[in-house]
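Below is one structure, written out as structure tokens, with a few remarks after it.
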């Protein structure tokens, strides 16, 4: 089965890396796994051997046929032909009593929408393990003050605790992509400090701030917050009045919304 360029398919063919991924997912027989893009089923097979139950979502009809034949005798493997971006995870898996672990080697070009889609179901997902483009993973885990830090870093870090587990050389894939990859773990946060209305305001402020990242934060925020609120914010959290968005942590943005 040859990978299809139109679907952004790059099969992970290095068996040592495949095993290393499974080892770091810390699987057990009680786990409920949502696998995104199982490809030819190498990772799927390793998950199945752990006795975890795996629901493998694959958009490619040809691969689905291959996978259904391959796992016909596995009672703990279910192949689902679907586009993960159109799958209502909460509704589809409503029959499952527990929360999901997500594992996936996903196409680089839809990494952002897949992550945003998964985060919508933070009440149904516990862990996310993804193979991502290395530079993209750097943005996700970036800290304030780094060139990679931005609004997407804040978004992901608000909902999850992301961590780089290990990097993967591009030669571990077929066909060989132009860039190296990273295996990333994201732990979904069960509790968040803001309500939904506050969250909406938080991300609006963050987007606006980073759209003018070289501008001082106080100047960007003047049209959204009274001057006395801004002064209180900078003084209470010991922040410089000349600080720029790229140096402001997600925790500081949250504190700003709480004061508003």
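Filter segment 70-129 for residues that are closer than 30 Å to residue 5 by Cβ and over 17 Å from the mean Cα position of the chain (by Cα) and give the result.
If the condition is that a residue be closer than 30 Å to residue 5 by Cβ and over 17 Å from the mean Cα position of the chain (by Cα), then 70, 71, 72, 74, 77, 78, 79, 80, 81, 82, 92 are the ones that fit.
Does segment 169-188 hold any residues that are in a strand (DSSP E or B), out of contact with any helix residue (DSSP H, G or I) (no Cβ under 9 Å at 6 or more places or on another chain) and more than 20 Å from residue 23 (Cβ to Cβ), and which are they?
174
Just for helices (runs of 4 or more DSSP H) wholly inside segment 1-117: which have at least 1 residues that are in contact with a strand residue (DSSP E or B) (Cβ under 7 Å, 6 or more places away or on another chain), in contact (Cβ under 8 Å) with a residue 40 or more places away in the chain and within 22 Å of residue 183 (Cα to Cα)?
15-25, 42-49
Kindly evaluate residue 191 against the criterion of being without any contact (Cβ under 8 Å) to a residue 12 or more places away in the chain and either assigned to a loop (DSSP other than H, G, I, E, B) or assigned by TED's automatic domain parsing to the domain that holds residue 22 (or both).
It is true that residue 191 is without any contact (Cβ under 8 Å) to a residue 12 or more places away in the chain and either assigned to a loop (DSSP other than H, G, I, E, B) or assigned by TED's automatic domain parsing to the domain that holds residue 22 (or both).
Just checking, how many residues over segment 151-163 are buried (at least 18 other Cβ atoms within 10 Å of the Cβ) and either at pLDDT below 95 or not in a helix (DSSP H, G or I) (or both)?
Counting residues in segment 151-163 that are buried (at least 18 other Cβ atoms within 10 Å of the Cβ) and either at pLDDT below 95 or not in a helix (DSSP H, G or I) (or both) gives 2.
Run down 184, 221 and say which single residue is surrounded by 15 or more Cβ atoms within 10 Å (Cβ to Cβ) and either over 20 Å from residue 107 (Cβ atoms) or without any contact (Cβ under 8 Å) to a residue 24 or more places away in the chain (or both).
After ruling out the rest, the residue left standing is 221.
Within segment 235-246, which residues are in contact (Cβ under 8 Å) with a residue 12 or more places away in the chain and surrounded by fewer than 17 Cβ atoms within 10 Å (Cβ to Cβ)?
Step one: filter segment 235-246 for residues in contact (Cβ under 8 Å) with a residue 12 or more places away in the chain, giving 236-237, 239, 241-246.
The answer is 236, 237, 241, 242, 243.
The values are calculated or read from the model by the stated rules, or taken from the named source; none is laboratory data. Computed from a prediction, not measured in an experiment: that's the story for all the values here. Cβ atoms come from the backbone with ideal geometry, glycine included; neighbour counts cover every protein chain shown.
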